[in-house]
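These notes concern the structure reproduced below.
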Amino acid sequence: MRRVFCTVLLTAAIAGCSSHSASDTNATSGPSSGPGGSQTQTMQVGGSSINMGKNAIDPARLGLPIYPSAAGNVTGAMASTGAYGLNAMVALKTSDSFDKVYAWYKSHMPANAQVTRSTSGSTLIATFVEGTSKDKVVKSVTLVSFPQGATITLRSRAQH
């Protein structure tokens, strides 16, 4: 009986989340679009604006190189703007191998970018970071391998 109740509760929660709206006691939300639309959700929280979804931010605005065959997905971007500046993230994927993507970013990131590369089990992970926590602008590219290719996460933080 407990398992049935949990299943019903989970189903109700998923159905409620699929309505493409967001609410918070301190937030207002704008309209969102489903498949075929802009596929973004905008929320106002305090003095900040948060955009989430496939088209939340143009990856070119991050000032990072974009891997040629990379593609986004519906939930793969987020941008927040406010008095502090812009924080943005775009998640992309490619069917190219991790090593090919890594070599491309190694040749397209600035020479002074900090690079880390590690392995966790069979998963390869690499991060290229431009800037430090003391800088007004910090940009990074994180690569993670998966059996069909690699994910690429572009991040940028620009403070006023």
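About its Cα centre, how strong a charge dipole does the stretch 58-160 have in debye, to the nearest 20, once Lys and Arg get +1 and Asp and Glu get -1 at the Cβ?
The calculated dipole for the stretch 58-160 is roughly 180 debye.
Give, in nm to one decimal, the length gained when the segment between Ala60 and Ser133 is fully stretched (0.36 nm per residue of separation minus the Cα-Cα distance).
24.1 nm
Pull up the cross-link candidates among the lysines for Lys134, meaning alpha carbon to alpha carbon under 27 Å and not fewer than 8 places away within one chain.
Correct list for Lys134: Lys106.
Peptides 126-135, 108-117: what's the order by average Cβ count within 10 Å, highest mean first?
Top to bottom by mean Cβ count within 10 Å: 126-135, 108-117.
Just want the answer: with Cβ charges of +1 for Lys and Arg and -1 for Asp and Glu, which residue in Gly121, Ser140, His160 is farthest toward the dipole's positive end in the stretch 65-160?
His160
Counting only C-alpha contacts under 8 Å and six or more residues apart, can you give the relative contact order of the stretch 40-160 as a whole percent? Display every interim value, and only then the final one.
Details: 266 pairs, mean separation 29.8, N = 121.
About 25 percent, as a whole number.
Using a Cα-Cα cut-off of under 22 Å, which lysines could be cross-linked to Lys54, ignoring same-chain neighbours fewer than 8 residues away?
Lys93, Lys139
Tell me, in nm to one decimal, what length is gained between Gln114 and Ser49 on full extension, where the rule is 0.36 nm per residue of separation less the Cα-Cα distance?
Stretched fully, the Gln114-Ser49 segment lengthens by 20.4 nm.
At q = 0.19 Å⁻¹, what log₁₀ I(q)/I(0) does a Debye calculation on the Cα points of the stretch 57-160 give, no solvent, two decimals?
Calculated log10 I(q)/I(0) at the listed q: -0.94.
Every read-out reported here was derived from the displayed coordinates using simple, explicitly stated rules and does not represent laboratory data. This one's a predicted model, so the numbers in the text were calculated from it and none came from an experiment. For neighbour counting, all protein chains shown are included, and Cβ atoms are generated from backbone atoms with ideal geometry for every residue, glycine included.
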